[in-house]
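The values are calculated or read from the model by the stated rules, or taken from the named source; none is laboratory data. Treat the numbers as computed from the prediction; the structure is a model and nothing was measured. So basically every Cβ, Gly included, is an ideal-geometry build from the backbone, and we count neighbours across all protein chains shown. With ligands, DNA and RNA removed, areas are computed over all heavy atoms of the protein, side chains included. Shrake-Rupley method; radii C 1.70, N 1.55, O 1.52, S 1.80 Å.
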Amino acid sequence: MLEKNVKNLLQTIPKTNKFGEKVTLVAAVKTQTAQDISRAVAAGITDIGDNHVQEFRDKYSQIEGNPTRHFIGTLQTNKIKYLLGKVNLYHSVDRLNLAEELSKKSANANVVSQILIEVNIGNEPTKSGFEYAQVESAYKKIAALPHICVKGLMAMLPESDNESLLRELAAKMRILYDRLNAQGANFEYLSMGMSGDWKLCIDEGSNMIRLGTAIFGKRNYKN
Ligand SMILES: *Cc1c(COP(=O)(O)O)cnc(C)c1O
């Protein structure tokens, strides 16, 4: 089941987007067991992303196959220490204070942390992330911090059946990504797309998608 999902996805997801950029699939592994995550890796998953620091710590050494680690959840500054040097890319830097603390703690640990700036593209009160109009100035401040490398932007589209609205928002993200790149940002990743909307996100220029349900099936939060 899980193996078949991975196989189908790896066959279906385009290797590159319309800009010729490689598309990376990150498995969103919240609530999944180390065993199932290892099975997904054995089936071809190269990158995995956690939402919760506790889960990340519990399963870290039990996952086989040495996948690239991402952190895709909301991060409290007092928990940074558990992730330092172990996470390849932090997707959800959603406030200045988090970037500053990550910078400080990365400097102390003598590591460089690669991050994405999270954008609240749907302007939803329930979602975190910088407001669209504030991203440019936030980027400038964050990019100036030592021991941080800003690799791009991350967004979660609203839950909606309105495909044209979703496409419009995804395209807006790509415009912002391109604008900052034109200013010398040197971005590599636009992390946008989940199980319900990844196709349209890649169409509109995403090059990194985060899939949970499409790989593991419906989540059981009792685990
Ligand atoms: C859970 C999660 C996903 C994956 O969601 P699915 O709809 O199950 O694919 C992607 N991104 C983030 C930040 C998540 O928390």
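Filtering ASN66, ASN78 for residues that are part of a helix (DSSP H, G or I), surrounded by fewer than 17 Cβ atoms within 10 Å (Cβ to Cβ) and at pLDDT 95 or above leaves a single hit, ASN78. Taking every residue in segment 99-117 that is of a type in the set (Lys, Arg) and pairing it with any residue that is in a helix (DSSP H, G or I), at least 6 positions away or on another chain, the pairs with Cβ-Cβ distances below 6 Å are LYS105/ILE80. Looking across segment 26-45, the residues that are part of a helix (DSSP H, G or I) and either under 15 Å from ASN8 (Cβ atoms) or more than 16 Å from the ligand (Cβ to nearest atom) (or both) come down to ALA34, GLN35, SER38, ARG39, ALA40, VAL41, ALA42. Looking only at residues in segment 81-99 that are among the charged types (D, E, K, R) and surrounded by fewer than 15 Cβ atoms within 10 Å (Cβ to Cβ), which one is farthest from LYS141 (Cα to Cα)? Selected residue: LYS86. Scanning segment 124-138 for residues that are without any contact (Cβ under 8 Å) to a residue 40 or more places away in the chain, of a type in the set (S, T, N, Q) and surrounded by 13 or more Cβ atoms within 10 Å (Cβ to Cβ) yields a count of 1. Would you mind stating whether GLY152 is surrounded by 15 or more Cβ atoms within 10 Å (Cβ to Cβ), in contact with a helix residue (DSSP H, G or I) (Cβ under 8 Å, 6 or more places away or on another chain) and within 29 Å of ARG57 (Cα to Cα)? Yes; evaluated as a whole, the condition is true for this residue.
Mind checking which residues of segment 206-223 are outside any helix (DSSP H, G or I) and touching an Asp or Glu at 6+ places or on another chain (Cβ under 8 Å)? Within segment 206-223, ASN207 is the sole residue that qualifies. Pairs are defined by a Cβ separation below 8 Å, a sequence spacing of at least 6 or placement on different chains, a first member in segment 81-98 that is of a type in the set (S, T, N, Q), and a second member that is within 16 Å of the ligand (Cβ to nearest atom) and in a loop (DSSP other than H, G, I, E, B); the pairs so defined are SER92/ILE72; SER92/GLY73; SER92/THR74; SER92/LEU75; SER92/SER128; SER92/GLY129. Taking the numbered list (1) within 16 Å of the ligand (Cβ to nearest atom); (2) free of Cβ contacts under 8 Å to residues at least 60 places away in the same chain in turn, ALA182 passes all entries but (1). The numbered conditions (1) crowded, with 19+ Cβ neighbours inside 10 Å; (2) in a helix (DSSP H, G or I) are all true for LEU116 except (2). For PHE216, the conditions (1) within 16 Å of the ligand (Cβ to nearest atom); (2) without any contact (Cβ under 8 Å) to a residue 60 or more places away in the chain all hold with the exception of (2). If you go through segment 185-213 and keep only what is within 8 Å of the ligand (Cβ to nearest atom), hydroxyl-bearing (Ser, Thr, Tyr) and under 19 Å from ASN162 (Cβ atoms), you end up with just SER195. Within segment 7-24, is even one residue in contact with a Pro (Cβ under 8 Å, 6 or more places away or on another chain) and open to solvent by 50 Å² or more (accessible area, probe 1.4 Å)? Within segment 7-24 (the criterion being in contact with a Pro (Cβ under 8 Å, 6 or more places away or on another chain) and open to solvent by 50 Å² or more (accessible area, probe 1.4 Å)), the answer is no, since none of the residues qualifies.
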